[in-house]
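The next block holds one structure in the form of structure tokens; read it before the comments.
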Amino acid sequence: MNAWLLSILIFSPLLGVLVLMFVPSNDEKSIKWLGVLGTLFPLGIALVVLSAFKMGGEGLQLTEKFSWISYEVFQSKGQVSYPIFYEVGVNGLSMVLILLTAVVSVLAAIASFSIKQNWKSYFILFFLLEMGMLGVFAAQNLFLFFIFFEVTLIPMFFLIGRWGYLEKEKAAYSFLIYNGVGSAILLIVFVTLFMKTGTMNFEQLAYTFSLPQAELNQLFITKGFKMGMLIALLVAFAVKLPVFPLHSWMVRVHVQAPPAIVMIHSGILLKIGAYGVIVFGAGMFPDQFKSLAFIIGLFGVINLLYGAFLALTQTDVKRVLAYSSVSHMGIVLIGLAAGNESGMMGAVFQVVSHGLISALLFFLVGALYERSGSSELSAFGGVAKRMPILAGVFLAGGLASLGLPGMSGFISEFMAFLGLFEKMPVLAAVGTLGLILTAVYVLRAVLAITFGAEKELNETRDLSSSERVPAFVLLAAILFIGIYPAWLSDMLRPTLDAILLGLGG
Amino acid sequence: MDLDTLLSFKWSVMAPEFIILGVATLLSVIDLFMKKESSRKPLAWLAGAGVLGALAAIFMQLDTEVTSILYDTYRLDSFSKAFKILLLLGTLLVLVLAASYKKEDIEENRGEFYYLLLSALLGAMMMASSADLITLFVGLELLSLASYIMAGLERRNKRSNESAFKYVVSGGIATAITLFGMSYVFGLTGETNLFLIAQNMQDPELLKHGFLLMFAFLITFAGLTFKIAAAPLHMWAPDVYEGAPVPVTAFLSVVSKTAGFVILLRFIIITFIAAPGIDSESLLLEVQPYVMILAAATMIIGNVTALRQRNIKRMFAYSSIAQAGYILVPFVSNSSLLFELIWFYLLAYLFMNIGAFTIIQVLTAQEKSNDISIFRGLFKRSPWLAVPMTFFLLSLAGIPITAGFVGKFGIFMGALGLEPAHYWLAAVMMATTLVSYVYYFNVIAVMFFRDGEGAKVAVPSGLAAVLAFCAVSTVILGVMPDLALDFFYGNFDINEFFMNIEAVDTHTHDH
């Protein structure tokens, strides 16, 4: 059973697609419930995977490997084959992200109840998207990673362009083109690495690049080559993360896409960028990564401050949250730049924590939009009186976002900055300004909505029971990680230690 | 040539060509004696049966060793077998398209169409098997002349007339250019047999004529880019694609293009592989920059111009130019990957392009328009057309889990696997691919995001079968490309391409 477990998990959303095919497309109720069931099924398998996963175990677990494609090349040295395998596996880091994917998908599926039309094609695309995301984190070679990476692009394009708000098509195109640039660079890097080394496997590549330079010279791999590859990779993932100045598409997507899709997008898809930087950047080119650490940290601080400043000036709550995501991704970069254990841990914690928090906040904004038809800050006021539960959860989410102790946001910011202060104190000191700004813009937005003069809304119904499930589950997860971070850090430690070993502490 | 010599040839190696020739003759005779009013549809099935027979003949030849007959002008090797399969498969699908083509104008010329199509196919097959300049050129002309007529088959349609005219004129120029270049090759080496030319290229005397050789190469190469619709001779494609009936357009974009690559590989690679350059020892290495510029220019022109097209057939013309640019990239990779990469890409291209043209044919016939707006709301109206069309477009754009992606991936391997790697060419290819996203996804957006009126689209069963076959193949080759690659490695030994069989020497002195 265990031998196939991961593949079953990755492709389990396809079962939902299959079932949906036979449901009449106007049967709204069954489609929506099947949509939720279809994501619960992968979540169940993810939990089975988690139980099969040995906590604290080193290296990859639950691996699968099959021969897939093989190119035969005749060269001067004779016939060389370039095999590509189907290989998947999980380590602590990918296990955490797979869990995050499975959980956020279920909640986003529940949030999709507000979708007004074409439910069937919506959920089919939704399942394909989930398959892509699960695959990205389980893939153990560049080719497979790239394929799943692209599989997430296409459903997203449709989901934004068809079910989004007013300027949805523009947003869908800018999503496609920006991410297309990213994946174009990725593909060039991946193929180059493949042709140089003859392998696409993460571990084998990392091993090859750690060989002494004399041996590498025979493969035409110079230090400059490694640096070039790393920079290309960083640029490609910077689009995804997104790093200033490559972030404009992401704000557009956050404003225009339907709330459930934004939950997925900011909750998981942005994290692929961070995952890529950790696994490919720090994992494969540790020496070069270390020498770029300051620049990465600098971009982190720029992201943090720039996002926070812009979030401060927005009048639309969706834009506030979008820029807050830009800002929070800066913390991931800061942690990575630190390159020590607390920094790394902080970066990954931020990935998970921001995934949960932004999913929660976008879900609530979606609920607000449904009630008022607007997401302008000026349209709201005094929500706490009429809708106490919604306002309460919103406030709690906001506090988590600004890093209140006891919530997940605090742990990640604390550790990331702890790491950076050890390595680059000046940069870290500048960065802390961002934390103050964060407190200001979060409170500004949250308070403007929940307190103050009461504004007329179309509807003032509080969170319905189907809306309470995602809200409470996410909030509980945020609190759980905030109070008991050891659960997460135990799972992550072996993986991060291996990467840290490469980075030399 | 006496009877004994004639009988001594192993004519069986030409079985596929004989079948096509026989069926084409038969069709023309039947067409002659058929009543004017009666339907020509049965002819399509007969032609299809002929193509299937030829395909079967090739599959029976898969184990045959390299054979050369007719004084080494005709040659059966892995290369010819591999590419003839593509030519035949493409023609077979085009025949189904043609049989379902509902245009009154073409009706009275239908019979003509089928045997012209087979003649063109015969020309293309001859090119795949040629080992001599003369037969190569005759094959090329047979294909071209038949194509010119087919492009103008809708006699009462002005656009069709215009397209045929433009095609003939520019085709004539291209032929002249090709022939001019070939004359230099002949002049410098004194031979018409490709392998003897290759032998004579090693003559130290030729070192003195480096510039002439370079000139010969560039001229011939430029002339041959006509058939594949690559820069600089790509201008005909949009007009001809737009004016010609859809099955003919499909034929030109798939089969004729494949034939163009066949002659490029046959002629350029064999004859020039041993040619000395001006400064270095290899001409092919020295002309690489020029070929790269041509490939880059083709990709840029095709993709950028396609952005502005509102007419779906013109858009596909430019897309087809762009695709030719991609397939030119392996030409500079100089590795043994070259053949399998081009073969695989052309196979993928065959499925995705014929699939797309099937849908274009159905829609243009129903809506009586070529504007992209005919795709409006197609997903709502006919999801069973919109979904396969999406796969074809994704494949043309090179998105994973489609054959087009695997093809592009292979081309990247060829370009980046060298030392030093052709980063800038790969970058151009990637950048233009991104540009292509805009116009391919535009069609997808029109199908899915816009609402449009219009009736449900009825698809004739023949076309539905082609559609299903192409869609399934596009996806299967994307998920399991090894099906095609293993077939290629298992049955074709591309070393045969260069193998100069002994027969060459023994016959040389006869003429």
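The values are calculated or read from the model by the stated rules, or taken from the named source; none is laboratory data. What you see is a predicted model, and the numbers here were worked out from it, not measured in a lab. Cβ sites come from the backbone with ideal geometry, for glycine too, and all protein chains shown count toward neighbours. Remember, those area values only see protein heavy atoms, side chains included, never the ligands or the DNA or RNA. Shrake-Rupley method; radii C 1.70, N 1.55, O 1.52, S 1.80 Å.
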Fill in the blank from the handout: In the range A:172-202, residues that are more than 7 Å from chain B (Cβ to nearest Cβ) and under 19 Å from the mean Cα position of the chain (by Cα) total 8
Fill in the blank from the handout: For the range B:300-341, the count of residues that are open to solvent by 20 Å² or more (accessible area, probe 1.4 Å), within 14 Å of chain A (Cβ to nearest Cβ) and either closer than 17 Å to B:Gly404 by Cα or in a helix (DSSP H, G or I) (or both) equals 0
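Going by the conditions given, is A:Leu304 closer than 20 Å to A:Gly403 by Cα, open to solvent by less than 20 Å² (accessible area, probe 1.4 Å) and over 14 Å from the mean Cα position of the chain (by Cα)? Write out each step before concluding.
Numbers: closer than 20 Å to A:Gly403 by Cα: yes; open to solvent by less than 20 Å² (accessible area, probe 1.4 Å): yes; over 14 Å from the mean Cα position of the chain (by Cα): yes.
Yes: the conditions hold for A:Leu304.
Look at A:Asn141 and say whether it is modelled with pLDDT under 90 and surrounded by 20 or more Cβ atoms within 10 Å (Cβ to Cβ).
Values: modelled with pLDDT under 90: no; surrounded by 20 or more Cβ atoms within 10 Å (Cβ to Cβ): yes.
So A:Asn141 fails the test.
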Handout entry: Some residue of the range A:85-107 being open to solvent by 20 Å² or more (accessible area, probe 1.4 Å) and within 14 Å of chain B (Cβ to nearest Cβ)
Key = yes
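Could you go through the range A:456-467 and let me know if any residue there is touching a residue at least 60 places away in the same chain (Cβ under 8 Å) and crowded, with 20+ Cβ neighbours inside 10 Å.
Initially, the range A:456-467 is screened for residues touching a residue at least 60 places away in the same chain (Cβ under 8 Å), giving A:457-463, A:466-467.
When the remaining residues are screened for being crowded, with 20+ Cβ neighbours inside 10 Å, the result is A:463, A:467.
Yes, because at least one residue in the range A:456-467 is touching a residue at least 60 places away in the same chain (Cβ under 8 Å) and crowded, with 20+ Cβ neighbours inside 10 Å.
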Problem - Residue check, A:Lys29 within 14 Å of chain B (Cβ to nearest Cβ) and part of a helix (DSSP H, G or I) - result: no
Practice task
Scan (1) under 30 Å from A:Leu292 (Cβ atoms); (2) part of a helix (DSSP H, G or I) for the single condition A:Gly398 breaks and write down its number.
Solution key: (1)
Handout entry: Checking B:Lys36 against (1) open to solvent by 70 Å² or more (accessible area, probe 1.4 Å); (2) under 22 Å from B:Leu117 (Cβ atoms); (3) assigned to a helix (DSSP H, G or I); (4) of a type outside the set (Phe, Trp, Tyr), the condition it does not meet
Key = (3)
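Could you run through the range A:193-222 and say how many residues are in a helix (DSSP H, G or I) and more than 17 Å from A:Phe149 (Cβ to Cβ)? So that I can check it myself, show each step before the final result.
First, the residues of the range A:193-222 that are in a helix (DSSP H, G or I): A:193-197, A:202-209, A:213-218.
Okay, now just the ones that are also more than 17 Å from A:Phe149 (Cβ to Cβ), so A:195-197, A:203-204, A:206-209, A:213-218.
Count: 15.
Would you mind stating whether B:Phe409 is in a helix (DSSP H, G or I), closer than 20 Å to B:Asn303 by Cβ and not β-branched (Val, Ile, Thr)? Full working, then the answer.
On the way: in a helix (DSSP H, G or I): yes; closer than 20 Å to B:Asn303 by Cβ: yes; not β-branched (Val, Ile, Thr): yes.
Answer is yes for this residue.
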Practice task
Would you check if there is a residue in the range A:114-122 being more than 11 Å from chain B (Cβ to nearest Cβ), over 23 Å from A:Ala238 (Cα atoms), open to solvent by less than 10 Å² (accessible area, probe 1.4 Å) and not charged (D, E, K, R)?
Solution key: yes
Problem - Lone unmet requirement of (1) under 20 Å from A:Ile147 (Cα atoms); (2) aliphatic (A, V, I, L, M); (3) assigned to a helix (DSSP H, G or I) for A:Ile69 - result: (3)
Exercise for the section: Tell me, yes or no, whether the range B:426-437 has at least one residue that is more than 9 Å from every other protein chain (Cβ to nearest Cβ), over 25 Å from A:Pro83 (Cα atoms) and surrounded by 24 or more Cβ atoms within 10 Å (Cβ to Cβ). Expected result: yes
Exercise for the section: Return the only residue of B:Tyr349, B:Tyr345 being away from chain A (no Cβ under 14 Å), under 21 Å from B:Phe261 (Cβ atoms) and among the hydroxyl-bearing types (Ser, Thr, Tyr). Expected result: B:Tyr349
Practice task
For residues that are more than 14 Å from chain A (Cβ to nearest Cβ), farther than 20 Å from B:Leu307 by Cα, open to solvent by 20 Å² or more (accessible area, probe 1.4 Å) and in contact (Cβ under 8 Å) with a residue 60 or more places away in the chain, tally how many sit in the range B:365-403.
Solution key: 3
